[in-house]
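Reading through the structure tokens given below for one structure.
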Amino acid sequence: MTVLIRSLETAVPTTVMVQSQVRDVFAAQPGLNRLGQRLVTAAFDSSGIDTRYTAVEELTLERHSESPVFFDSATMTILSPGTKARNEVYAEAGTKLFVEAAQKALDAAEGVEPGDITHVITVSCTGFFNPGPDYKIVRALGLDPSAQRYHLGFMGCYAAFPALRAAKSFCEADPKAAVLVVSAELCSLHVRSSNNPDTIVGTSLFADGAAAAVISARTDLPRPAGSMLSLDFFETTLTPVGEESMAWNIGDEGFEMVLGTYVPHIIDEHIVGALTPLIERDESLIGLEYRDIEHWGIHPG
């Protein structure tokens with residue numbers, strides 16, 4: 001049985017953050033010491049990012065609010081709203097992203113109709129609301145009310161992989177299954193000024209967006225003109241160190257990220273051991289030099 005990703009689509013908010021402008025704003029915040037200023041500049045300049053998207057419409061120099069909550073563009077000050085205020089934006093803007101990405105993926109999956117979706121899996125770690133995004137998607141897209149719904153929450157940014165693994169399992173258990181997987185994160189809701197290197201690194205990298213895929217092993221569906229990805233093997237492993245280097249906690253003023261600069265070193269030290277059991281499950285890769293594998297996608301979680 002071959003389980004295929006039949007469509008893969010994305011959605012982003014409309015407000016654009018220019019990386020150089022965001023860098024200058026963060027570097028000018030009151031309370032930031034000289035080391036913090038240098039870290040902000042270094043982190044933003046080495047990120048490789050030019051622009052990002054945010055669901056927080058205030059986070060731009062182009063917009064001025066009479067009653068700012070997140071960012072006062074008149075004074076160039078990053079504000080500190082409470083977790084409740086941040087999560088209210090998540091519930092509204094997050095729902096839009098979840099639904100938009102899901103609709104685009106369903107529209108792009110040739111031969112799959114709304115009533116064909118048997119499972120909906122949603123993924124997010126940047127907010128909470130209930131009825132959740134899984135419910136909102138079923139209602140908005142007119143899916144079968146009996147579609148099984150699952151939400152993977154607060155697992156971090158790697159959680160799309162367990163979601164895809166679950167989708168594969170559903171398809172293998174039921175050859176008629178068609179699974180809609182939707183992941184959305186609104187990281188910019190939790191931005192804050194800080195001298196903490198871990199916080200600064202996270203602030204320089206993450207923003208807002210969603211992605212969705214329709215996954216199925218059905219053999220009666222037409223094969224699209226474009227190429228499709230197959231889900232063959234998944235593997236999970238724990239490194240002996242590193243859990244203190246990546247964390248995501250709920251604070252009084254939003255969620256607090258820990259993204260240590262040691263993470264790349266952890267990957268470097270343990271990636272071979274992590275890959276070995278996965279590669280051993282694919283006969284075409286056994287004995288192949290790593291340099292001869294054309295495409296790689298590595299993600300810590």
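Where a number appears in this text, it was derived from the coordinates with a stated rule and is not lab data. None of these values were measured; they are calculated from a predicted model. Because the Cβ atoms are built from the backbone with ideal geometry, glycine has one as well, and the counts that use them run over all protein chains shown.
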Study note, to complete from the structure: In terms of the charge dipole of the chain, which places +1 on Lys and Arg and -1 on Asp and Glu at the beta carbon, the residue among THR239, ILE250, GLY111 farthest towards the positive end is ILE250
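Only Lys, Arg, Asp and Glu count, each charged at its Cβ (+1, +1, -1, -1), so figure out the dipole size of region 1-99 about its Cα centre, rounded to 20 debye.
Numbers: 9 positive and 11 negative charges, 73 e Å.
Its charge dipole is roughly 340 debye.
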Practice item. May I ask for the net charge around ARG281, where only other residues with Cβ less than 14 Å from the Cβ of ARG281 are counted and Lys, Arg are +1 while Asp, Glu are -1? Key: -3
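Ranked by Cβ crowding within 10 angstrom, fewest neighbours first, how are HIS151, HIS265, HIS190 ordered? Write down the numbers at each step before the final one.
Values: HIS151 18, HIS265 13, HIS190 25.
The most exposed by this proxy come first: HIS265, HIS151, HIS190.
Let me spell out the model: positive unit charges on the Cβ of Lys and Arg, negative unit charges on the Cβ of Asp and Glu, origin at the Cα centre of the chain. What dipole size does that give, in debye rounded to 20?
Numbers: 21 positive and 39 negative charges, 87 e Å.
The calculated dipole for the chain is roughly 420 debye.
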Review point. What are the semi-axes of the equivalent ellipsoid for the chain, taken as the square roots of 5 times the Cα gyration tensor eigenvalues, largest first, in whole Å?
Key: 35, 26, 16
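What does the highest-first list of 213-219, 136-142, 228-234 look like by mean Cβ count within 10 Å?
The packing order, highest mean first, is 213-219, 136-142, 228-234.
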